[in-house]
Protein chains: 2
Amino acid sequence: MSDKVVKIGIIGLGTVGKGVIKILNNIEDIIKLKTGGKIEVKKIVTRNISKPWQSFFPFKFDSSIISNNIDDILLDDEIDIVVELIGGYNPAKDYIIKALEGKKHVVTANKAALAKYWNEINNASRVNNCLIYFEASVLAGIPVIQGLNEGLSSNKIEKIYGILNGTTNYILTKMLLEKYSFQDALSLAQEKGFAEADPTFDIDGIDAAHKLLILASLAYQKSIDLKDVYIEGIKDIDLFDIKFAKENLGLVLKLLAVAKKKEDSLELRVSPVFISENHLLASVNNEYNAAFIIGDAAGDVMFYGKGAGELPAASGVVSDILYVAKNINNGIANKTNFVSLNETKINILNINEIETRYYIRLEVLDSVGALSSITSVMGKYNISIASFYQHNYNSNSKESIPVIITTHISKEKDVKNAIKEIKDLKFVLNKIIVIRIEENL
Amino acid sequence: MSDKVVKIGIIGLGTVGKGVIKILNNIEDIIKLKTGGKIEVKKIVTRNISKPWQSFFPFKFDSSIISNNIDDILLDDEIDIVVELIGGYNPAKDYIIKALEGKKHVVTANKAALAKYWNEINNASRVNNCLIYFEASVLAGIPVIQGLNEGLSSNKIEKIYGILNGTTNYILTKMLLEKYSFQDALSLAQEKGFAEADPTFDIDGIDAAHKLLILASLAYQKSIDLKDVYIEGIKDIDLFDIKFAKENLGLVLKLLAVAKKKEDSLELRVSPVFISENHLLASVNNEYNAAFIIGDAAGDVMFYGKGAGELPAASGVVSDILYVAKNINNGIANKTNFVSLNETKINILNINEIETRYYIRLEVLDSVGALSSITSVMGKYNISIASFYQHNYNSNSKESIPVIITTHISKEKDVKNAIKEIKDLKFVLNKIIVIRIEENL
């Protein structure tokens, strides 16, 4: 009996694409066992066809499979699975849609296109009876996508807390443990390959927001609009607050992606958040990532590992390829689907409506009246103070003193209004730092 | 269009069985969305049909579905999925096999039957083209089974470290953090419902060995004999060693399940093992469990959460039911399989052949010659000493002193031979404690 062969076309030969080819070349036995046949890379499309590709690969490599014409994959009827690895919103989204419309299954690691066009891509999969798998789009090789969508499917998901971006977690870890400034930590991350030359998507929290949207869409079986996710990055974070909170409050700063279900509403936000140094998420350091998911039945579940990198990301991509290839060989790939979406929309809470705890740092002139004025404004907005520190170290000028306040659970709107009023107090300098604190975390 | 209905029969109405019924009753919308239809509990078989079952359930419950006759499930052609929740080797295994032979799909949480009859049960699934799913058998609701079998399928798994038993982890945590003796910690665990009246399977490491066998069989796609897994429990653990190692060596004791691939051999063992207090596994406390899996592509991946309990275990069971029901409704449940096994056997290393680091505690009479005799015996067996402590506290008698030695990586056989010889030294009291230390963990 001759082996079944599943043919794949790979779009994009960057870091992840190279990793996929390395792994496929290394696991012939596993492919046979898991899929019942072989996997053939029939075509690779890349803009850079003139690169000396042979030298990139530690094995014999037929350069005729490389092309710069996307139609060589999208219009080839022999190709069963399109593996989209160019990233970004477009043209990646068009390629994914065209592949599905061309009755090809799709495996992708592209969180940006998935997050922005979640509904359109999943509908194209459903309408065309072709599978779309995307394990590597969130937490690379850590199987959180399948785990959330299938392994935890019996749960009503209460909360998701994610450290979903390796670059920012690396930077915040260096600031916390080695007292780097933000700028020095970013430079080191770039040097070590943990941050890109233009780190905007990572630093500004957009990458984490893409991933949060995917996790939340799976958890709540809803289509969610990317613009409904509140996003705040880490570029204004000051080492002072990281050090102070660790030493005095036992808190550790993370760029935290948060999803919380409250009755019929969903809270969805990415921002710097202080968590307890004793929580397991506080031990997720450097380029490591984690998703901490709380289900009503399973309780606390954490998925942890490397959230990026050539082989970790390729691990997720190839595992998806193996699973789709197995279904193709069993003749069932067109008879099932991966994601089930509920058609009704879900209400996403405006950031002003959320309630959480807050860390607030002000610089005040050393005046007797300052503190009572500040606490009086906070009282007016029903903000209850949990702790209050007047810090000895003079951070800015000879005349100002840092005052750090933590609050009990308060409404974001109230905190914003209070801060606005406090800014106008004559003893208070202009810059006020406000960072959310996650209760019970 | 009338809804598709998948009918299930549940064997066993203990803790997990009750949890399954509670969850199914609570997630009608999710069932509809994930499976495209409904799930009907057609029959529940339990020995205790005379119990006032209605009072157990917070909802209306037709008592005619309860029976004490297993054939009411196994011989009912309308039942699509048999959910086996009685646990233990037999008759559970017979029920599973008969269900599969009767062309029913099976969902089970039974690690004992799976571990002992892994090959037989998986063959019955394959031969009869019926699915067997068992997410809850290891780490309850944490989706490590599917994650290892599918999400990490592109990886050659290098190592698995598991804290797989909640009872023993609870006991060891109480000893470490609150200085309980083993016996007091066990009593507390029983009081809190974390240990059974007869805790033998947990305390002796057998439960963890069952789970390790399942994980290793999936990771290496091999059928493994339970008797080839080396098993050592925690009932002889002394609080002294836990305290000493934490305070002086920065080590934390866990009942650790270990699988390591070395060329064509596999090391498989469950025993108390010291790990670094800085490793993430050292923070897995109380009844929480975790599997730390190292793949050649994905790198370090950890799955963490509650490894037991009514709803956590039922979470895994119901997620499996939903997945199988979806496949049934899509008409593909008989056209695929879950586990792929490689027919060739794998060589399991004898415990004497393993190499690791060791913690050794001796009681010596305060004699100048003792220490040089001990180190001389160790040198004879090529055991290189990493650290050496002569402890001031006199643990046993006025005349003996505890001596604690840690070794560099040594062969287990050499350590056993050395200990045998050291026992015969006239300055050394009879009881010698030997505990493995995991390098790099």
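The values are calculated or read from the model by the stated rules, or taken from the named source; none is laboratory data. These numbers come from a predicted model, not from an experiment. Counting neighbours? That spans all protein chains shown, and the Cβs are built from the backbone with ideal geometry, glycine included. Surface accessibility is based on the protein's heavy atoms, side chains included, excluding ligands, DNA and RNA. Shrake-Rupley method; radii C 1.70, N 1.55, O 1.52, S 1.80 Å.
Taking only the alpha carbons of region A:40-167, we obtain Rg and Dmax values of 16.6, 51 Å in that order. Dividing the C-alpha radius of gyration of region B:1-81 by 2.2 N^0.38 Å, with N its residue count, gives 1.11. Across the options A:Val6, A:Asn286, A:Asn417, the greatest Cα extent toward the positive end of the charge dipole of chain A (unit charges at beta carbon of Lys, Arg, Asp, Glu) belongs to A:Val6.
Our analysis of region A:292-336 gives Rg over Rh at 1.17, with the two radii drawn from alpha carbon positions and Rh computed by the Kirkwood formula.
Inter-copy label distances at A:Gly331, using a point 7 Å along Cα-to-Cβ, come to 1.2 nm with the shortest given first. Across chain B, Cα pairs under 8 Å and at least six residues apart give a relative contact order of 17 percent.
Shape verdict for region A:112-264, please, from the Cα gyration tensor: rounded (a/c under 1.5), prolate (a/b greater than b/c) or oblate.
Because a/c hits 1.5 or more and a/b exceeds b/c, region A:112-264 counts as prolate.
A convex hull fitted to the Cα coordinates of region B:96-184 yields 139 cubic angstrom per residue.
Can you give the Kirkwood hydrodynamic radius for region A:231-369, in Å, rounded to one decimal and based on Cα pairs?
19.3 Å
The residues of region A:340-363 occluded by other protein chains by 30 Å² or more of accessible area, set against the chain on its own, are A:Ser340; surface from heavy atoms, 1.4 Å probe. For region B:298-323, which residues drop by 40 square angstrom or more in accessible area between the chain on its own and all protein chains together (1.4 Å probe)? Buried by 40 Å² or more upon assembly, which counts only protein chains, are B:Ala298, B:Asp300, B:Met302, B:Tyr304, B:Ser315, B:Ser319, B:Tyr323. Within region B:342-441, the trypsin sites (Lys or Arg not before Pro) that combine a DSSP coil assignment with at most 11 other C-beta atoms in a 10 angstrom radius are B:Lys345, B:Lys398, B:Lys426.
Just list whichever of A:Lys18/A:Lys43; A:Lys192/A:Lys306; A:Lys262/B:Lys38 have alpha carbons separated by over 20 Å in the model shown.
The answer is A:Lys262/B:Lys38.
The residues of region B:153-190 listed by number as losing at least 10 Å² of accessible area in the complex, against the isolated chain and with a 1.4 Å probe, are B:Ser153, B:Ser154, B:Asn155, B:Lys156. Interface area, chains A and B: about 4600 Å² of buried accessible surface, summed, with a 1.4 Å probe and ligands, DNA and RNA left out.
Can you give me the Rg/Rh ratio for region A:318-410, using Cα atoms for both radii and the Kirkwood formula for Rh?
Reported Rg/Rh, Kirkwood definition of Rh: 1.46.
Averaged per residue, region B:323-441 has 49 square angstrom of accessible surface, using a 1.4 angstrom probe with ligands and nucleic acids left out.
Pairs from the table (B:Lys260/B:Lys411; B:Lys174/B:Lys246; A:Lys7/A:Lys34; A:Lys32/B:Lys104; A:Lys4/A:Lys32; B:Lys42/B:Lys111) lying more than 18 angstrom apart at Cα are A:Lys32/B:Lys104; B:Lys42/B:Lys111.
The share of alpha-carbon pairs in chain A lying farther apart than 39 Å comes to 28%.
Projecting 7 Å from Cα along the Cα-to-Cβ direction, the label point of B:Lys413 sits 7.5 nm from its equivalents in the other copies, listed shortest first. When the chymotrypsin sites (Phe, Trp or Tyr not before Pro) in region A:6-97 are filtered for DSSP coil states and for at most 12 other beta-carbon atoms within 10 Å of their beta-carbon, the remaining sites are A:Phe59.
The per residue volume of the convex hull around the alpha-carbon atoms of region A:203-282 is 99 Å³.
Of the GluC sites (Glu not before Pro) in region B:197-277, the ones in a loop by DSSP (not H, G, I, E or B) with at most 13 other beta carbons within 10 Å are B:Glu263. Taking the 1.4 Å solvent-accessible surface of region A:316-441 as the whole, the part contributed by carbon and sulfur is 47%.
Note on region B:251-332: with charges restricted to the Cβ of Lys and Arg (+1) and Asp and Glu (-1), its dipole about the Cα centre is near 80 debye.
With charges only on Cβ, +1 for K and R and -1 for D and E, what is the dipole size of region B:159-240 about its Cα centre, in debye, rounded to 20? Let's see the in-between values first.
Numbers: 8 positive and 13 negative charges, 78 e Å.
Charge dipole of region B:159-240: 380 debye, to the nearest 20.
Chain A residue nearest by beta-carbon to the axis mapping A to B, with distance in Å: A:Ile332, 2.
Let me know the charge dipole size of the protein assembly as shown about its Cα centre in debye, to the nearest 20, where only the beta-carbon of Lys, Arg (+1) and Asp, Glu (-1) is charged.
Result for the protein assembly as shown is approximately 360 debye, rounded to the nearest 20.
With label points set 7 Å from Cα along Cα→Cβ, the inter-copy distances at B:Lys262 are 5.5 nm, sorted shortest first. Over chain B, dividing the summed -39,500 (n - 2.57) contributions of all DSSP H runs of at least 4 residues by the number of residues returns a 222 nm mean residue ellipticity of -9500 deg cm²/dmol.
Solvent-accessible area assigned to carbon and sulfur over region A:63-194 amounts to 43 percent, based on a 1.4 Å probe.
Measuring spread by the Cα atoms of region B:247-328 yields a radius of gyration and Dmax of 16.5, 57 Å. Going by the alpha-carbon gyration tensor, a ≥ b ≥ c the square roots of its eigenvalues, is the protein assembly as shown rounded (a/c under 1.5) or, if a/c is not under 1.5, prolate (a/b greater than b/c) versus oblate? Verdict is rounded for the protein assembly as shown. With all protein chains kept in place, the per residue accessible area of region B:1-157 amounts to 40 square angstrom at a probe of 1.4 angstrom.
A straight Cα-to-Cα reach below 18 Å connects A:Lys431 with the lysines A:Lys235, A:Lys398, A:Lys416, A:Lys420, A:Lys423, residues fewer than 8 places away in its own chain not being considered.
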